[in-house]
Amino acid sequence: MIDRWRLLLWLTLIALLQLSIAEDCVKDIAEDICPQREGFDGDCESKCLQQFPLRISSGCFLRSSGTLLSFFGIRSFACRCSLPSSYCDATAVLNAFAPARLHFSLPAIQAHSTIERLNGEQSCPLSPSPFDLSCSSSFSSCGWLRSVGADWFSAREHGIMPFSPQESPTGDYLVAVSKEGFTSISIDTCPGLCSKEDVNVTVRVWRAPWVVVELCFKEEGQTMCAPVKTPNGRPTTEVMPQTNSFSFSFRFSNLTVGDAVLIDDLSTIFEPCPLAQRMRNTALSSFPSPVPSPLSQVENSPFRASMQPSKIGFQ
(Lines give C-alpha, C1' and ligand atoms only; values in the text may rest on other atoms or scores of the structure.)
Protein backbone atom coordinates (compact mmCIF):
# COMPACT_ATOMS: atom_id res chain seq x y z
CA MET A 1 0.00 0.00 0.00
CA ILE A 2 2.84 2.36 0.93
CA ASP A 3 4.58 1.59 -2.36
CA ARG A 4 1.42 2.49 -4.28
CA TRP A 5 1.24 5.84 -2.49
CA ARG A 6 4.90 6.49 -3.20
CA LEU A 7 4.33 5.71 -6.88
CA LEU A 8 1.31 8.02 -6.98
CA LEU A 9 3.32 10.77 -5.28
CA TRP A 10 6.17 10.43 -7.79
CA LEU A 11 3.74 10.53 -10.73
CA THR A 12 2.13 13.67 -9.31
CA LEU A 13 5.51 15.36 -8.89
CA ILE A 14 6.48 14.45 -12.45
CA ALA A 15 3.20 15.85 -13.78
CA LEU A 16 3.70 19.10 -11.85
CA LEU A 17 7.26 19.35 -13.14
CA GLN A 18 6.06 18.91 -16.72
CA LEU A 19 3.43 21.59 -16.22
CA SER A 20 6.01 23.99 -14.81
CA ILE A 21 8.33 23.34 -17.76
CA ALA A 22 5.52 23.92 -20.26
CA GLU A 23 4.32 27.08 -18.49
CA ASP A 24 4.40 30.18 -20.64
CA CYS A 25 6.87 32.97 -19.99
CA VAL A 26 5.26 36.25 -18.87
CA LYS A 27 6.68 39.70 -19.63
CA ASP A 28 5.20 43.01 -18.51
CA ILE A 29 5.30 46.13 -20.67
CA ALA A 30 7.02 48.96 -18.79
CA GLU A 31 4.71 51.65 -20.17
CA ASP A 32 1.44 52.39 -18.37
CA ILE A 33 -0.91 51.82 -21.32
CA CYS A 34 -3.76 49.81 -19.78
CA PRO A 35 -7.13 51.35 -18.84
CA GLN A 36 -8.44 51.02 -15.30
CA ARG A 37 -9.69 47.47 -15.77
CA GLU A 38 -8.52 43.91 -16.33
CA GLY A 39 -8.95 41.96 -19.55
CA PHE A 40 -8.08 42.30 -23.23
CA ASP A 41 -7.01 45.70 -24.52
CA GLY A 42 -6.16 46.66 -28.09
CA ASP A 43 -3.28 48.97 -27.16
CA CYS A 44 -1.76 46.28 -24.95
CA GLU A 45 -2.08 43.71 -27.74
CA SER A 46 -0.38 46.05 -30.22
CA LYS A 47 2.48 46.74 -27.81
CA CYS A 48 3.01 43.03 -27.14
CA LEU A 49 3.09 42.31 -30.87
CA GLN A 50 5.59 45.13 -31.37
CA GLN A 51 8.00 44.01 -28.65
CA PHE A 52 7.35 40.25 -28.76
CA PRO A 53 6.16 39.09 -32.22
CA LEU A 54 5.87 35.52 -30.91
CA ARG A 55 3.46 36.44 -28.13
CA ILE A 56 0.82 33.79 -27.36
CA SER A 57 -1.65 36.10 -25.64
CA SER A 58 -1.89 39.48 -23.94
CA GLY A 59 -4.04 41.30 -21.42
CA CYS A 60 -4.25 43.89 -18.67
CA PHE A 61 -3.84 42.67 -15.08
CA LEU A 62 -3.83 44.38 -11.68
CA ARG A 63 -0.26 44.92 -10.56
CA SER A 64 0.87 42.83 -7.61
CA SER A 65 1.79 46.05 -5.78
CA GLY A 66 -1.94 46.87 -5.70
CA THR A 67 -2.18 50.62 -6.26
CA LEU A 68 -0.25 53.16 -8.28
CA LEU A 69 -0.86 56.07 -5.90
CA SER A 70 -2.03 54.75 -2.56
CA PHE A 71 -2.95 58.24 -1.33
CA PHE A 72 -5.59 58.56 -4.07
CA GLY A 73 -6.36 54.84 -4.14
CA ILE A 74 -5.78 54.57 -7.90
CA ARG A 75 -5.24 50.99 -8.95
CA SER A 76 -2.46 50.28 -11.45
CA PHE A 77 -2.86 47.77 -14.27
CA ALA A 78 0.03 46.24 -16.22
CA CYS A 79 0.05 45.10 -19.83
CA ARG A 80 1.21 41.49 -19.67
CA CYS A 81 2.48 39.44 -22.62
CA SER A 82 2.46 35.64 -22.50
CA LEU A 83 5.37 34.14 -24.49
CA PRO A 84 6.86 30.72 -25.23
CA SER A 85 8.84 29.41 -22.27
CA SER A 86 12.20 29.81 -24.06
CA TYR A 87 11.95 33.60 -23.63
CA CYS A 88 12.46 33.10 -19.88
CA ASP A 89 15.19 30.48 -20.17
CA ALA A 90 17.85 31.85 -17.81
CA THR A 91 20.16 28.86 -18.32
CA ALA A 92 20.92 29.59 -21.97
CA VAL A 93 23.34 32.24 -23.18
CA LEU A 94 21.19 33.76 -25.92
CA ASN A 95 21.29 36.83 -28.11
CA ALA A 96 18.24 39.02 -28.62
CA PHE A 97 16.88 36.90 -31.48
CA ALA A 98 17.72 33.48 -30.03
CA PRO A 99 14.18 32.55 -28.89
CA ALA A 100 12.82 33.37 -32.35
CA ARG A 101 15.65 31.42 -33.99
CA LEU A 102 14.70 28.49 -31.80
CA HIS A 103 11.04 28.53 -32.83
CA PHE A 104 11.65 29.27 -36.51
CA SER A 105 13.91 26.30 -37.17
CA LEU A 106 13.29 22.83 -38.57
CA PRO A 107 14.00 20.97 -35.28
CA ALA A 108 11.46 23.17 -33.47
CA ILE A 109 8.84 22.53 -36.16
CA GLN A 110 9.46 18.78 -35.95
CA ALA A 111 8.73 18.97 -32.22
CA HIS A 112 5.09 19.92 -32.86
CA SER A 113 4.45 18.85 -36.47
CA THR A 114 4.97 15.91 -38.81
CA ILE A 115 6.84 17.00 -41.94
CA GLU A 116 7.27 15.53 -45.41
CA ARG A 117 9.86 16.82 -47.89
CA LEU A 118 8.35 18.08 -51.15
CA ASN A 119 9.71 17.21 -54.57
CA GLY A 120 11.77 20.04 -56.02
CA GLU A 121 10.57 19.52 -59.59
CA GLN A 122 7.57 21.63 -60.58
CA SER A 123 6.04 22.78 -63.84
CA CYS A 124 3.24 25.16 -64.73
CA PRO A 125 -0.03 23.63 -65.93
CA LEU A 126 -1.11 24.58 -69.43
CA SER A 127 -3.86 26.81 -68.07
CA PRO A 128 -3.67 27.46 -64.29
CA SER A 129 -7.03 27.90 -62.53
CA PRO A 130 -8.02 29.29 -59.11
CA PHE A 131 -8.32 25.68 -57.94
CA ASP A 132 -4.63 25.09 -58.74
CA LEU A 133 -3.66 28.21 -56.76
CA SER A 134 -5.81 27.59 -53.66
CA CYS A 135 -3.68 25.61 -51.22
CA SER A 136 -4.83 25.08 -47.65
CA SER A 137 -5.27 21.32 -47.26
CA SER A 138 -2.57 19.95 -49.57
CA PHE A 139 0.71 21.56 -50.60
CA SER A 140 2.22 18.61 -52.45
CA SER A 141 0.04 19.42 -55.49
CA CYS A 142 -0.16 23.18 -54.93
CA GLY A 143 0.10 25.27 -58.11
CA TRP A 144 2.38 27.89 -56.56
CA LEU A 145 5.98 27.44 -57.68
CA ARG A 146 8.58 27.03 -54.94
CA SER A 147 11.89 28.78 -55.59
CA VAL A 148 15.39 27.42 -55.17
CA GLY A 149 17.31 28.43 -52.07
CA ALA A 150 15.18 26.49 -49.58
CA ASP A 151 14.16 23.01 -48.57
CA TRP A 152 10.37 22.80 -48.80
CA PHE A 153 8.15 20.62 -46.62
CA SER A 154 4.48 19.85 -46.13
CA ALA A 155 3.70 19.83 -42.40
CA ARG A 156 0.78 18.91 -40.14
CA GLU A 157 0.65 19.78 -36.45
CA HIS A 158 0.43 17.05 -33.84
CA GLY A 159 1.32 19.00 -30.70
CA ILE A 160 1.12 22.39 -29.03
CA MET A 161 2.46 25.14 -31.29
CA PRO A 162 4.28 28.27 -30.00
CA PHE A 163 1.53 30.57 -31.31
CA SER A 164 -1.83 31.77 -30.10
CA PRO A 165 -4.42 29.02 -30.83
CA GLN A 166 -6.40 31.38 -33.07
CA GLU A 167 -3.22 32.26 -35.00
CA SER A 168 -1.69 28.79 -35.47
CA PRO A 169 -1.58 26.82 -38.74
CA THR A 170 -4.49 24.42 -39.16
CA GLY A 171 -4.24 21.08 -40.93
CA ASP A 172 -1.52 20.92 -43.56
CA TYR A 173 0.77 23.91 -44.01
CA LEU A 174 3.91 24.74 -46.01
CA VAL A 175 7.39 25.13 -44.53
CA ALA A 176 10.45 26.64 -46.22
CA VAL A 177 13.89 26.31 -44.60
CA SER A 178 16.54 28.55 -46.15
CA LYS A 179 19.76 27.02 -47.46
CA GLU A 180 23.29 28.29 -47.02
CA GLY A 181 24.22 31.00 -49.51
CA PHE A 182 20.64 32.23 -50.05
CA THR A 183 19.19 35.30 -48.35
CA SER A 184 15.85 35.34 -50.19
CA ILE A 185 13.31 32.82 -51.47
CA SER A 186 9.85 33.07 -53.00
CA ILE A 187 6.67 31.29 -53.99
CA ASP A 188 5.27 32.33 -57.36
CA THR A 189 2.23 31.79 -59.50
CA CYS A 190 2.74 30.77 -63.09
CA PRO A 191 3.10 33.74 -65.46
CA GLY A 192 0.45 34.90 -67.90
CA LEU A 193 -2.66 34.45 -65.73
CA CYS A 194 -5.78 36.16 -67.07
CA SER A 195 -8.88 37.32 -65.18
CA LYS A 196 -12.23 38.79 -66.24
CA GLU A 197 -12.77 40.29 -62.75
CA ASP A 198 -10.71 41.67 -59.87
CA VAL A 199 -8.11 39.31 -58.40
CA ASN A 200 -8.11 38.34 -54.71
CA VAL A 201 -4.94 36.92 -53.13
CA THR A 202 -4.81 35.62 -49.54
CA VAL A 203 -2.12 34.09 -47.32
CA ARG A 204 -1.18 33.51 -43.70
CA VAL A 205 2.54 33.67 -42.87
CA TRP A 206 4.69 32.98 -39.81
CA ARG A 207 8.28 34.28 -39.82
CA ALA A 208 10.97 35.51 -37.46
CA PRO A 209 11.06 39.26 -36.70
CA TRP A 210 14.02 39.95 -39.00
CA VAL A 211 12.51 38.26 -42.08
CA VAL A 212 11.06 40.68 -44.66
CA VAL A 213 7.92 39.58 -46.54
CA GLU A 214 6.75 41.22 -49.77
CA LEU A 215 3.81 40.65 -52.09
CA CYS A 216 4.77 41.30 -55.71
CA PHE A 217 2.37 41.78 -58.60
CA LYS A 218 3.63 41.46 -62.16
CA GLU A 219 1.54 42.81 -65.02
CA GLU A 220 2.43 43.47 -68.64
CA GLY A 221 6.15 43.18 -67.90
CA GLN A 222 6.11 45.50 -64.87
CA THR A 223 6.70 44.16 -61.35
CA MET A 224 5.46 46.09 -58.31
CA CYS A 225 6.15 45.02 -54.70
CA ALA A 226 4.93 46.10 -51.27
CA PRO A 227 5.82 44.89 -47.76
CA VAL A 228 3.50 42.53 -45.91
CA LYS A 229 3.37 43.71 -42.30
CA THR A 230 0.48 41.56 -41.08
CA PRO A 231 1.37 39.86 -37.76
CA ASN A 232 2.13 36.15 -37.72
CA GLY A 233 -0.90 33.93 -38.24
CA ARG A 234 -3.29 36.65 -39.33
CA PRO A 235 -4.63 36.63 -42.90
CA THR A 236 -3.29 39.01 -45.51
CA THR A 237 -5.89 39.65 -48.20
CA GLU A 238 -5.41 42.01 -51.14
CA VAL A 239 -7.57 42.76 -54.18
CA MET A 240 -5.98 43.74 -57.48
CA PRO A 241 -7.81 45.25 -60.47
CA GLN A 242 -8.89 43.14 -63.43
CA THR A 243 -6.05 42.38 -65.82
CA ASN A 244 -5.45 40.18 -68.85
CA SER A 245 -1.94 39.05 -67.93
CA PHE A 246 -0.57 38.88 -64.40
CA SER A 247 1.32 36.82 -61.83
CA PHE A 248 1.91 37.03 -58.07
CA SER A 249 4.90 36.32 -55.88
CA PHE A 250 5.49 36.25 -52.14
CA ARG A 251 9.13 37.01 -51.40
CA PHE A 252 10.96 36.32 -48.14
CA SER A 253 14.29 38.11 -47.70
CA ASN A 254 16.94 38.90 -45.07
CA LEU A 255 17.14 35.18 -44.35
CA THR A 256 20.01 33.36 -42.67
CA VAL A 257 20.77 29.68 -43.14
CA GLY A 258 18.23 27.48 -41.35
CA ASP A 259 15.54 30.14 -40.98
CA ALA A 260 12.07 28.64 -41.36
CA VAL A 261 9.01 30.34 -42.85
CA LEU A 262 5.52 28.85 -42.37
CA ILE A 263 2.75 29.41 -44.94
CA ASP A 264 -0.94 28.45 -44.84
CA ASP A 265 -4.28 29.32 -46.46
CA LEU A 266 -2.62 30.43 -49.69
CA SER A 267 -5.03 31.25 -52.50
CA THR A 268 -5.60 33.34 -55.60
CA ILE A 269 -9.27 33.81 -56.49
CA PHE A 270 -10.17 35.16 -59.93
CA GLU A 271 -12.52 34.61 -62.87
CA PRO A 272 -10.40 32.98 -65.60
CA CYS A 273 -10.50 34.30 -69.14
CA PRO A 274 -11.52 31.95 -71.98
CA LEU A 275 -9.09 29.07 -72.46
CA ALA A 276 -7.77 30.30 -75.82
CA GLN A 277 -6.84 33.69 -74.36
CA ARG A 278 -5.17 32.11 -71.31
CA MET A 279 -3.07 29.81 -73.49
CA ARG A 280 -2.03 32.77 -75.62
CA ASN A 281 -1.02 34.75 -72.51
CA THR A 282 1.03 31.83 -71.22
CA ALA A 283 2.90 31.61 -74.51
CA LEU A 284 3.55 35.37 -74.63
CA SER A 285 4.19 35.96 -70.93
CA SER A 286 7.95 36.37 -71.41
CA PHE A 287 7.47 39.33 -73.78
CA PRO A 288 6.83 42.79 -72.24
CA SER A 289 3.88 44.82 -73.47
CA PRO A 290 3.83 48.61 -74.09
CA VAL A 291 0.41 48.86 -72.40
CA PRO A 292 0.81 50.84 -69.13
CA SER A 293 -0.09 49.17 -65.86
CA PRO A 294 -3.40 50.27 -64.29
CA LEU A 295 -1.76 50.10 -60.85
CA SER A 296 -0.73 53.74 -61.16
CA GLN A 297 -4.40 54.68 -61.61
CA VAL A 298 -5.69 52.84 -58.51
CA GLU A 299 -5.11 54.63 -55.20
CA ASN A 300 -7.93 53.40 -52.95
CA SER A 301 -5.86 50.56 -51.45
CA PRO A 302 -3.11 51.33 -48.88
CA PHE A 303 -1.34 48.19 -50.05
CA ARG A 304 -1.32 49.23 -53.72
CA ALA A 305 -0.38 52.76 -52.74
CA SER A 306 2.74 51.39 -51.03
CA MET A 307 3.81 49.33 -54.04
CA GLN A 308 7.12 50.26 -55.64
CA PRO A 309 8.77 49.05 -58.86
CA SER A 310 10.89 45.99 -58.19
CA LYS A 311 14.53 45.79 -59.25
CA ILE A 312 14.43 42.00 -59.04
CA GLY A 313 12.52 39.95 -61.58
CA PHE A 314 10.38 36.95 -60.78
CA GLN A 315 12.19 33.65 -60.51
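Against the numbered list (1) among the basic types (Lys, Arg); (2) modelled with pLDDT under 90; (3) crowded, with 20+ Cβ neighbours inside 10 Å, residue 280 comes up short only at (3).
Applying the condition of being of a type in the set (D, E, K, R) and farther than 18 Å from residue 168 by Cα to region 43-77 and asking which residue is modelled with the lowest pLDDT yields 75.
Counting the residues of region 166-193 that are part of a loop (DSSP other than H, G, I, E, B) and within 14 Å of the chain's Cα centre (by Cα) gives 3. Just one of the listed residues (197, 157) is of a type outside the set (Lys, Arg) and touching a His at 6+ places or on another chain (Cβ under 8 Å), and it is 157.
Checked against (1) at pLDDT 90 or above; (2) touching a Pro at 6+ places or on another chain (Cβ under 7 Å), residue 190 meets all criteria but (1). Among all residues of region 103-115, there is at least one that is within 18 Å of the chain's Cα centre (by Cα) and assigned to a strand (DSSP E or B). All conditions but one from (1) buried (at least 16 other Cβ atoms within 10 Å of the Cβ); (2) assigned to a loop (DSSP other than H, G, I, E, B) apply to residue 126; the one that does not is (1).
The single condition among (1) in a loop (DSSP other than H, G, I, E, B); (2) surrounded by 19 or more Cβ atoms within 10 Å (Cβ to Cβ); (3) touching a residue at least 60 places away in the same chain (Cβ under 8 Å) that residue 161 does not satisfy is (3).
With respect to residue 143, determine if the residue is assigned by TED's automatic domain parsing to the domain that holds residue 237, loosely packed, with under 14 Cβ neighbours inside 10 Å, at pLDDT below 95 and part of a loop (DSSP other than H, G, I, E, B). Criteria not met by residue 143. For residue 201, indicate whether it is surrounded by fewer than 23 Cβ atoms within 10 Å (Cβ to Cβ) and either modelled with pLDDT of 95 or more or part of a loop (DSSP other than H, G, I, E, B) (or both). Criteria not met by residue 201.
The values are calculated or read from the model by the stated rules, or taken from the named source; none is laboratory data. Keep in mind that what you see is a predicted model, and the values were worked out from it rather than measured. Cβ: placed from backbone, ideal geometry, glycine included. Neighbour counts: every protein chain shown.
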